[in-house]
Structures are given as C-alpha cells and as structure tokens.
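Note sheet for the following structure.
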Amino acid sequence: AQIRYSIPEELTRGAFVGNIAKDLGTDVAKLAAANLQVLSDSDSQYFSVNVNTGVIMVSERIDREQLCGQNPRCFLHLKLAIENPVEFYRIEVEILDINDNPPQFPSDEVSLRIYELASLGARFPIQPAQDPDVGTNTLQTYHLSANDNFNLNVKARTDGGKFPELVLERALDREFRAFHYLVLTAEDGGSPPQSSKIRITIQVLDANDNHPVFDRPSYGARLVENSPLGTLVVKLNATDVDEGPNGDIRYSLSSHNSAALRQIFAIDEQTGEIRVQGNLDFEEATVYEIEVEAKDMGSPTMEEHCSVVVEITDVNDNAPEVILTSFSSTLSEDALPGTVVAVIHVRDRDSGEQGKVLCHVSPDLPFQLRKDYEHQYSLLTSTRLDREHVAYYNVTVSASDLGNPPLSRHTILPITLIDVNDNAPQFEQASYEVLVAENNPVGSVLVTVSAADPDSEQNSRLSYSILRAGGTDPGLDPTRYLSIHPTNGQVTAKFPFDYEQTTYLQFHVEVSDGGSPALRNRTLVHVFVVDQNDNAPQVHFPRAGEDSATQLRISPSIVPPALITKVVAIDADSGRNAWLSYHLVEATDLGLFSVALRSGEVRIMRALQETDASEHELLVVVRDAGEPPLSTAVTLVVLVEEKGPEALQGSEAQAADGGGLPSITLYLIVSLVLISTVSLVALAALGIRCL
C-alpha cells in the first residue's frame, strides 16, 4: 500500500507529519510489537516514527529549494517494514513550497553607459532577478521607478523566465542630465509578496576629449618596515571632465615598474588604493617609487601617469652617510681663514632622532665645520696654512646620529696644499772661500754654490748668476774671469789665473726662483789665487847682455876675503817660490872664489899667486825653492890686472847693492803686507762662517 502526506517546507523538528497507525488502521501496540522500521530513499533521515504513538515527525530541517530546485512538485519517499508477517508500506511525503525566498538580483546596483545620441527605442537588458520558490511564490513581475526617459519592458520566455529591459523613450541630453538613477523592483506572487530592488545608474557618455588628471603630480607615503599585509599606502585620486567611458578611470601599476615592486604593492583599479601585499624590508630598499597610470574607458583611451614615493622607516640600524656635494682636494697655501674647502651633505636613512646627524672634525687641524642648514655643512680653513710646514692633510669628518646607541661614520678628505712663492731661496753658506792654483785649466770648476727653496715645482726652480761685489776694484769684473752654470751653481774659470796679476777676487752669486714675481738671495764668494812656481829668477845685477858675460877687474894684490861683486836676482813668484839661493857652479879655480848662498856676494877666498891665471870665468846659478825649482845662470869674467882696483868691484857692488836693496826691500814689504792682509781676511771670513 502507499500512503501520501503533504507538509510545507521549513517545519520545525518534531512537527507532526501523519499518524501511520491510524492511516493503516492498525493498533499502536501491534506496531510496536511488529518491530516497525522506517527506511528513507535519501541520504538524510528527515523523518522519524514514534512506535509508541505511531506518529511520523520531522527530524531535520527540510528546504524544498535545496531538495528539488525549480521542480514544481517535490516528494520524499519512505518505506515502513513490519515483521510477523513481513509487510512493506510506501509513504510519499510531498513538500509544499512556502514563500520563504524573495527575488534576488545578482547585485544591488548596475551601471549602464549610454551615449547621449542613442536611438529612441533602444533596448538595454538588465540582469534578471532569481527566485528559488515555485508556483505563485516565484518571481511574477517587475516595476520601474518613475522617470522621464525610460520605460520597462519584460520579456517572457517559454520556460517561464522573465527578463527586464529598459527602453529609451525620450532622447538623452548629457548636458541637461549626465546621470539617471532608476530603481527596478522584482516582486513575487506570494502572500504576502516579497520583493527586492536593484539600483540602476545610467551614465550618459560624452566624446573622449580629455585625459585623466591626478590631483597632484606625485604622491608620497611613509611606511614602517614589516607593515602588515593590506596596509593602505595611499589613495590616488584622478578626475576626467569627460563623461561615461571617457571619464571612467581605471587605475593600474605602470609596466615600467619592476616585477619585484609588483609583488610588494597592489592597486585597486576602481578606488586607486595602493596597499601592501608583500614584505617590506628596510635593508633591501628605503624608498620605492611606484609609477601609476590612470586610463579612461574611451575609444581611443587616454591616460595619465604619476609617481608615488614610498619611504620606509626603520630602527637605528643605519649609520649616517656623508656625501660630498662639492670638494676640492687641492688648496692654495695662501688661502685666507674661512675659505670653503668642501660642502658636505649628511643623511641618515633612519628617522626621527635616529636620523639626526651631528658632524665634527679634529680640533688639532687647521679646519673647522660650519653648519649651513639642516644636513649640510661646509668645511672651512680656520687658520693660515703653510705648505712648507705641512703639505698634506687627511681631514677626518665624523658623522654621528642621535640614536641609542649612536652610530657613526668617518670620511677622510685628502687635501693637498698648492705652493705659492712665499719663500726666497737660501744658500747653504753665507759665503764661500775658494783656493785656486794659478794657471788653472780653462773650464775647471772652482766651486759649486748650492741653494735650496722650500717651495715646490716652478717656485723652487733655481737660477744662478754672477754679480760684482760692492767695494771691489771696478777693473776686476768677475764675469770676465768666471762663469756659472744657471741650474747647478758650478762656477768655472774662463781663463787661467795669474797670481802675479790677480791674487784675490770676490763676487756675489745671486740665485732666483721661478716664481712670479721671482724671489732672490745672494752669497759672497772669495777666490784666493794660490801661487805656482811659474817664474824663474831674474838677475838684476850685474847686468849683462844676452849670451854675454860680465867682466870684472881686480888687483893682483887684493886681500881676501874682499867683496868682488854681488849678484842680485828677483823672482816674481812669492813665498817659497821666491826664496832664492846662489850657487857657484863652474870656475877656473873653484877654490879661489866663493858665492854667498843667500846674499849672492862673490868674494875672493885667498891671495892671488903668480901661478894663478890672469882671467877667471865664474858661472853663478840663481835657484828658487819652488817645486820643481827654477833657476837662472849668470857668467862673471874676473880679470886680474895691475891697474885693477883693490876693492873697486866691491864698491860698485856695494853701490849696486845699495841702489837695488831699497826696491827689493819695498817689494818684499809689499808682499808681506798683502800676504798678511789676505790671511787676516781669510781668518775673519772663517770666523764669520763659524758664527
């Protein structure tokens, strides 16, 4: 047998469905004894039977729309099994629909974009509402809010579906009204009826003749590293004075952005909100520059670009940075105090107090820092500079932030001082004394004067020249005898010196540097000519012609040791070179005559005898003490005559000696005075040099 029941959906648990004992005409006690079992065809056990009362009850919530969808009729089938005897009963429960679902649109709002020149009668379909109920409880009709331009047309399909359409009944005028706001209501046939609404926004489109414009050329934002995902970075705002698609803007990240940046930031194409979608790591990047574009939906589309600079703040884990905005590694040593050497920009990628930077340099250096404004310092000279004292500086600029603990960074600025010509050349000696032997070779180096200039390069390139010393004999022009090499200071002789003409010469050597203007200095050079044995003695008495002998007459009765004559000779040299000695080298009778070694007196040593010759020839050699010695010979012929004088030759010799001695003595005196003067000058110069 088959029993049918009908119940509405959504009954509560325990709700009464039917009395199986009554409907089968069976006693309840019998059903209990017959081991009644309820079997369901579905996976869920929606019903249960109370064997004591025989009542079928709802055990689970029943949703007809879930079970049967849009089928007009919905059944659940049960089987009852009874033992002794075994009997099966089929129970069919019809689930009746109730109006428990209102019609639902896919969205609460729909936007339409219609060109203002759209033709009358144009149709614009709207997505229909859906009602899972059936029969009269399902969607029955649509209602459109009152408006001036559109009517509603509902299309019915063979399957019962109803589709709404907006029909343009009156021409649109965008300049009169750019937007139309309508409300479409879907209503079912339930009692009471249920409904839902959708807002329809109609935008009247215009020609696309304007591009989007951001409210600012660029945006800035600051985020803390490790900001949570979804954190709002910035909300962009672009406007387009056009309408419809021409003014409808979509935001996107420009293709110029790197793939890494696209993984960190995302933008909502509708709202322009940029949010964090990846991990922000300050150590990887402190600033992100995001290129964003806004496009309208016109045809062709127009677009505008802007940049968003996102700064990432951090804890104090970054040392300050020192950036040289301007720096000259060379500086003139005559730079005045306060001269700017470098302009320094300091920055710290940290923020707050951790990003504030203080700079300083060592107080031991002739430099100081001046704070121009925030984050910029100027390195200035604080005192006068002297390249000759210190030519090179390593200036350490120390930058420290105000973090706790503070971090610092040191930057070394190498500064080289450029020389100016502020130092005159200085000779190694205030004066020079030179001893030069006469007859020196032409071009021989007499002395090398040397000067030094602490300046550098061109300012230290020295040039030497010879000047006449003041107070010297105008006739003794030093440039006549000497020349000097302009670069190495070697003084050389142009001619051999002759001691007999020049015994002493003094002159100035001037040195000048290559600066502009040039600086000069002088030193005094004393040249003492040393005598050489280059002159042989000259016999002044007795005078004899060339290659001839001098004749002397003596009496046979002359008494020894009578002075016969005196040989007088002079040597133009000086000192030992003028120290003369006289020697009797040859004689007719060497024992008869003698010659004094130093005075040159010729005397007879014994009385003449009859056996002696009447004529005697004497060869007297005058020799100096030079090395090697030079000599001169004179030949004396002594005639023994009765009428010869006893001491006539001696008197004449004495007369000659008396006439010649004053000049010789004067010559010797003058020589001694000159030698003494030169010695005194030399000693004085030596004393000055020692001082």
*Of the residues in region 114-135, how many are over 17 Å from LEU67 (Cα atoms), hydrophobic (A, V, I, L, M, F, W, C) and in a loop (DSSP other than H, G, I, E, B)?*
6
*How many residues, within region 272-293, are touching a Lys or Arg at 6+ places or on another chain (Cβ under 7 Å) and either without any contact (Cβ under 8 Å) to a residue 40 or more places away in the chain or not polar (S, T, N, Q) (or both)?*
2
*Which pairs do you get when a residue that is closer than 14 Å to HIS360 by Cβ, found in region 393-421, comes within reach of a residue that is at pLDDT below 90 and of a type in the set (Lys, Arg), reach meaning Cβ atoms under 9 angstrom, with the pair 6+ apart or on two chains?*
ASP401/LYS356; LEU402/LYS356
*asked:* Among the residues of region 200-221, are any in contact with an Asp or Glu (Cβ under 8 Å, 6 or more places away or on another chain) and within 30 Å of ASN137 (Cβ to Cβ)?
replied: yes
*Only residues in region 453-466 that are among the hydrophobic types (A, V, I, L, M, F, W, C) count as the first member; pair them with residues that are in a loop (DSSP other than H, G, I, E, B) and surrounded by 17 or more Cβ atoms within 10 Å (Cβ to Cβ), Cβ under 9 angstrom, at least 6 apart or cross-chain, and list the lot.*
LEU462/PRO425; LEU462/ASP453; LEU462/GLY489; LEU462/ASP513
*Report, by residue number, each residue of region 412-428 that is over 30 Å from ALA342 (Cα atoms) and either touching a strand residue (DSSP E or B) at 6+ places or on another chain (Cβ under 6 Å) or part of a strand (DSSP E or B) (or both).*
ALA424, PRO425, GLN426, PHE427
_Residue among SER332, SER351 that alone is under 30 Å from ASP317 (Cβ atoms) and small (Gly, Ala, Ser)_ = SER351
*Only residues that are without any contact (Cβ under 8 Å) to a residue 60 or more places away in the chain, part of a loop (DSSP other than H, G, I, E, B) and open to solvent by less than 80 Å² (accessible area, probe 1.4 Å): list them for region 364-390, please.*
LEU365, PRO366, HIS375, SER382, THR383, LEU385, ASP386, VAL390
*Mind listing whichever residues of region 292-331 are under 20 Å from the mean Cα position of the chain (by Cα) and assigned to a strand (DSSP E or B)?*
GLU321, VAL322, ILE323, LEU324, THR325, SER326, PHE327, THR330, LEU331
*So SER557 clears everything in (1) surrounded by 15 or more Cβ atoms within 10 Å (Cβ to Cβ); (2) farther than 30 Å from THR677 by Cβ; (3) not assigned by the TED database to the domain that holds LEU467 except one condition, right? Which one?*
(1)
*In region 277-295, what residues are open to solvent by 40 Å² or more (accessible area, probe 1.4 Å), among the acidic types (Asp, Glu) and more than 23 Å from ASP314 (Cβ to Cβ)?*
GLU291
*Are there any pairs, at least 6 apart or on different chains, whose C-beta atoms fall under 6 Å, with the first in region 1-18 and in contact (Cβ under 8 Å) with a residue 12 or more places away in the chain and the second hydroxyl-bearing (Ser, Thr, Tyr) and open to solvent by less than 100 Å² (accessible area, probe 1.4 Å), and if so, which?*
ALA1/TYR89; VAL17/TYR5; GLY18/TYR5
*What number of residues in region 562-618 are touching a Lys or Arg at 6+ places or on another chain (Cβ under 6 Å) and either free of Cβ contacts under 8 Å to residues at least 24 places away in the same chain or open to solvent by 30 Å² or more (accessible area, probe 1.4 Å) (or both)?*
2
*Which condition number does PRO441 fail, the rest of (1) modelled with pLDDT of 85 or more; (2) more than 21 Å from GLN426 (Cα to Cα); (3) open to solvent by less than 30 Å² (accessible area, probe 1.4 Å) being met?*
(3)
*Tell me the strands (runs of 3 or more DSSP E) entirely within region 169-276 that contain at least 3 residues that are among the aliphatic types (A, V, I, L, M), closer than 30 Å to THR313 by Cβ and open to solvent by less than 80 Å² (accessible area, probe 1.4 Å).*
232-235
*Across region 111-157, what is the total count of residues that are over 29 Å from ASP63 (Cα atoms) and out of contact with any strand residue (DSSP E or B) (no Cβ under 8 Å at 6 or more places or on another chain)?*
3
*Hits in region 429-448 (condition: in contact with a strand residue (DSSP E or B) (Cβ under 7 Å, 6 or more places away or on another chain) and over 24 Å from LEU680 (Cβ atoms))*: ASN440, VAL442, GLY443, SER444, VAL445, THR448
*Determine, yes or no, whether THR448 is free of Cβ contacts under 8 Å to residues at least 60 places away in the same chain and out of contact with any helix residue (DSSP H, G or I) (no Cβ under 6 Å at 6 or more places or on another chain).*
yes
*Identify, please: which residue in region 457-505 is hydrophobic (A, V, I, L, M, F, W, C) and at pLDDT below 85 and is, among those, nearest to ASP531 (Cα to Cα)?*
LEU476
*When you go through (1) over 30 Å from ASP131 (Cβ atoms); (2) of a type in the set (Gly, Ala, Ser); (3) at pLDDT 80 or above one by one for ALA15, which number turns out not to apply?*
(1)
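The values are calculated or read from the model by the stated rules, or taken from the named source; none is laboratory data. The structure displayed is predicted, hence computed values, not measured ones. Cβ coordinates were reconstructed from backbone atoms using ideal geometry, including for glycine residues, and neighbour counts include every protein chain displayed. For accessibility, only protein heavy atoms count, side chains too; no ligands or nucleic acids. Shrake-Rupley method; radii C 1.70, N 1.55, O 1.52, S 1.80 Å.
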